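Every number here is computed from the coordinates shown, using simple stated rules; none is lab data. All values derive from a computational prediction rather than experimental measurement. Because the Cβ atoms are built from the backbone with ideal geometry, glycine has one as well, and the counts that use them run over all protein chains shown.
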Amino acid sequence: MALGFYAETAPAQSFEMQQLTLDIAKLSQLKTILKDMYTYYFILYNGYEDVKGIAKGNFDLHKAFLSGLLAVSDAVSGDPKVQAILSDEATLLHLYGSLLGKWQTDPHLTPSEVNRLTTLAGDVLDACTEDLDELTMVLTDNTLRMSDDERLTAVNHIQRDLHERLTYLRNLDVTVANLSSERESRAANAQILQKLYGQ
């Protein structure tokens, strides 16, 4: 009987030994897989940290670039065209006041013509005020994000517009002066004819 018991346990032990050998092989494979997983994790982690560092560096560079666009350089604020704009603006304001006074006291212009001329000149003045507001924004730090080239382009645009408005106002003055002179001449001729013919 003891022999029979031994005979039954021998195959069972042999099976358990095979199972144990398989389990050891599986465990060894799992250890290798785990080791590979750790290796890949550290590769991914280090790669992520590298990418994160590069991205942060790019962000900081981009932020510095954008912050630089908020600052107005001396090349822009010291541009001679800025002084020309301010000079043209002062000339335009003086001309505006002078024209209003001249038109309102001109006996050869009707009240509706004076009102129309005042409105036209006022529109020019309003547009010039907008130009000055734009110039102030272009020349003030932390207001607009623009490169120096963009700021200089804006200054050129403002100067051109202001010069056109000043030219328009001067041409309007000449046109109105010619009209007034023509009316004065006609009125003088009419008086001469009236004196000659006694009518």
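Just to be sure I understand the model, the point goes 7 Å from the Cα along the line to the Cβ. What's the resulting N189 to H108 distance in nm?
1.2
With the crude spin-label approximation of a point 7 Å out along Cα→Cβ, what separation in nm comes out for Y197 versus K81?
Each label point lies 7 Å from its Cα, and together they span 6.0 nm.
Say each of R145 and R170 gets a label point 7 Å from the Cα, pointing the same way as Cα to Cβ; how far apart are those two points in nm?
Inter-label distance under the simple model: 4.1 nm.
Using a 10 Å cut-off on Cβ atoms, rank the peptides 134-142, 24-32, 180-188 from the highest mean neighbour count down.
Per-residue mean Cβ counts within 10 Å order the peptides as 134-142, 180-188, 24-32.
Can you give the net charge of the other residues whose Cβ lies under 13 Å from the Cβ of T140, counting K and R as +1 and D and E as -1?
Cβ neighbours under 13 Å give a net charge of -1.
Which net charge results for the neighbourhood of S77, defined as the other residues with beta-carbon distances under 12 angstrom from its beta-carbon, given Lys and Arg at +1 and Asp and Glu at -1?
Result for the local shell: -2.
Suppose the chain between N178 and D74 were pulled fully straight at 0.36 nm per residue; how much longer would it get relative to their current alpha carbon spacing?
Full extension from N178 to D74 adds 32.9 nm.
Counting Lys +1, Arg +1, Asp -1, Glu -1, what net charge surrounds L125 among other residues with beta carbon under 11 Å of its beta carbon?
After counting each charged neighbour, the total is -4.
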